[in-house]
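Peer 1: One structure is given below, represented as structure tokens, and several questions about it will come after.
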Amino acid sequence: MDSADVLNIFPELFEVNLNEDLQAEGLFLKIKKIINFDEGYIYFLNPNSAQLKYAFNKQDDLEIEQVVPFSASSKKVLFSEKNLILKKNDKLCKEFNLTNSNSYILTKIHIKSTILGFLILGKKEFSYYSEKHLSILKPCASIVSYLIKDMELSNVFKMQLKALKDGLIEKNEAYKTIKEQNEKILEADKVKNEFLANVSHELRTPLNSILGFSEILATGLYGAVNDKQKEYISDIRTSGIHLLSMINEILDLSKIEAKAVKLVRSQFNIDRAVTEALNILEPLYDKKHITVNKIIEKDFEVFADYQKIQQILYNLINNAIKFTPENGQIDVTCQKNKKNFVMTVHDNGIGIDKKYHGKIFAKFVQLDSAYTKKESSTGLGLTITKELTELHGGKISIISEVNNGSTFIVEIPNVSPLKK
Ligand SMILES: Nc1ncnc2c1ncn2[C@@H]1O[C@H](COP(=O)(O)OP(=O)(O)O)[C@@H](O)[C@H]1O
Ligand SMILES: [Mg+2]
């Protein structure tokens, strides 16, 4: 498809308001690590001329409601140039109604040869962006495209595909090309998921040796270990555990996304699942001198998927360790109520602002804190935890305030083994 086609079939840009959606904010945080800006926008090409709008900017109060009408000459510039440096008074800025900043940088969002939209960053300082920034933006544009695609664009794809299915634009040759390309991308996504599942699996095997053998070394069974050696062995173990959790998270999510996760219920003592999760995590909480209390009714049997319940506990306790300062305290409680069994992980760590409570469960979301930078983090743990809880017909909730600790509560229907 050449750019002439694009000009014909995309009469306007549309923006979707992502303010409510921290996934996009997470994305902008990622971009910010690469290139600085005061405001950021994503404009998507309107796939079916519906008067839709898709925009995001860092200033929550700025609302843009209408589709951006852009002139033919601007279209030419937008589609022919890869990246642009703009000033406030440039025609393109006026058409986009960009007036808050004085210097702008623009890049195309595209996957392979399909142009999906534009990313615009603005900075208050005059002439802030230069050739130097362009050279940074170029390589990062493809990463950005990929991230955007992963987080939000699936919605746009769905719309594009729906428009195609509805036959709105069936006859348009250029759209056929887009349709084919989108299908290729979806196919590639499937391949990516399978690849991740395979690779993660292959990575776990050698890691288990690293963890196992470093543990054996630490015991001193094969010769005395001095303090320095002990310290290094402990570092190998904690790094190994971090890596293992990240690999597990990627593997678990790719399985969930591929809808390949099924429950295998059995009757087990919940204490066993908690103990096993704690055994794996012990080096991490020991290192931070965190006390972990287990409060579980005696002989507490549940009927659920053992491995998945353990994974839920592991993820929540791992977070509690991660986001609690040294010498903190974590309580893991398991109780029964009428219909459910309830697992609670409470910490006295940094806490979470109420406005993020609904958002931290989305894919890749990590709140900006010294901890997410310092500790290994994928932003997938809670997504998986929620999926696994819901798979059991349960629900997860949170009680937390900034600087006042967090409590994650998982309630799961206590299915009777007889009723399975
Ligand atoms: N116990 C907790 N205390 C404070 N913040 C938390 C806690 N658990 C999760 N969070 C916040 O929610 C985000 C998402 O959690 P998660 O999906 O497990 O990702 P990750 O642990 O890889 O950062 C974390 O990055 C953190 O900002
Ligand atoms: Mg986590």
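Peer 1: Of the numbered conditions (1) within 16 Å of ligand 2 (Cβ to nearest atom); (2) crowded, with 16+ Cβ neighbours inside 10 Å; (3) assigned to a loop (DSSP other than H, G, I, E, B); (4) not small (Gly, Ala, Ser), residue 368 satisfies every one except a single condition; which is it?
Peer 2: It is condition (2) that residue 368 fails.
So that you can scan it fast, the table gives a plain yes or no per residue for (1) at pLDDT below 95; (2) within 11 Å of ligand 1 (Cβ to nearest atom); (3) basic (Lys, Arg); (4) within 21 Å of residue 252 (Cα to Cα):
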| site | (1), (2), (3), (4) |
| --- | --- |
| 308 | yes, no, yes, yes |
| 331 | no, no, no, no |
| 344 | no, no, no, no |
| 386 | no, yes, yes, yes |
| 405 | no, yes, no, no |
| 416 | yes, no, no, no |
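Peer 1: Where residues in region 65-89 are in a loop (DSSP other than H, G, I, E, B) and crowded, with 17+ Cβ neighbours inside 10 Å, which of them is modelled with the highest pLDDT?
Peer 2: 70
Peer 1: Would you mind finding the one in 282, 257, 297 that is in contact (Cβ under 8 Å) with a residue 12 or more places away in the chain, away from ligand 2 (no atom under 16 Å from the Cβ) and within 29 Å of the chain's Cα centre (by Cα)?
Peer 2: 257
Peer 1: So is residue 249 of a type in the set (D, E, K, R), closer than 28 Å to residue 362 by Cα and either in the same structural domain as residue 216 (by TED's automatic domain parsing) or more than 26 Å from the chain's Cα centre (by Cα) (or both) or not?
Peer 2: Considered against the rule, which asks whether it is of a type in the set (D, E, K, R), closer than 28 Å to residue 362 by Cα and either in the same structural domain as residue 216 (by TED's automatic domain parsing) or more than 26 Å from the chain's Cα centre (by Cα) (or both), residue 249 comes out as yes.
Peer 1: Can you pull out every residue in region 371-391 that is among the polar types (S, T, N, Q), out of contact with any Ser or Thr (no Cβ under 9 Å at 6 or more places or on another chain) and within 14 Å of ligand 2 (Cβ to nearest atom)?
Peer 2: 372, 377, 383, 385, listed by residue number.
Peer 1: Of (1) within 14 Å of ligand 2 (Cβ to nearest atom); (2) under 26 Å from residue 287 (Cβ atoms); (3) part of a strand (DSSP E or B), residue 396 satisfies all except one. Which?
Peer 2: Here residue 396 clears every test but (2).
Peer 1: Also: Return the total of residues in region 293-308 being in a strand (DSSP E or B) and more than 9 Å from residue 271 (Cβ to Cβ).
Peer 2: Within region 293-308, residues that are in a strand (DSSP E or B) and more than 9 Å from residue 271 (Cβ to Cβ) number 7.
Peer 1: More than 16 Å from ligand 1 (Cβ to nearest atom), in contact (Cβ under 8 Å) with a residue 40 or more places away in the chain, of a type in the set (D, E, K, R) and buried (at least 16 other Cβ atoms within 10 Å of the Cβ) - does that describe any residue in region 233-247?
Peer 2: Checked region 233-247: at least one residue is more than 16 Å from ligand 1 (Cβ to nearest atom), in contact (Cβ under 8 Å) with a residue 40 or more places away in the chain, of a type in the set (D, E, K, R) and buried (at least 16 other Cβ atoms within 10 Å of the Cβ).
The values are calculated or read from the model by the stated rules, or taken from the named source; none is laboratory data. This one's a predicted model, so the numbers in the text were calculated from it and none came from an experiment. All Cβ positions, glycine included, derive from the backbone under ideal geometry; neighbour counts span all protein chains shown.
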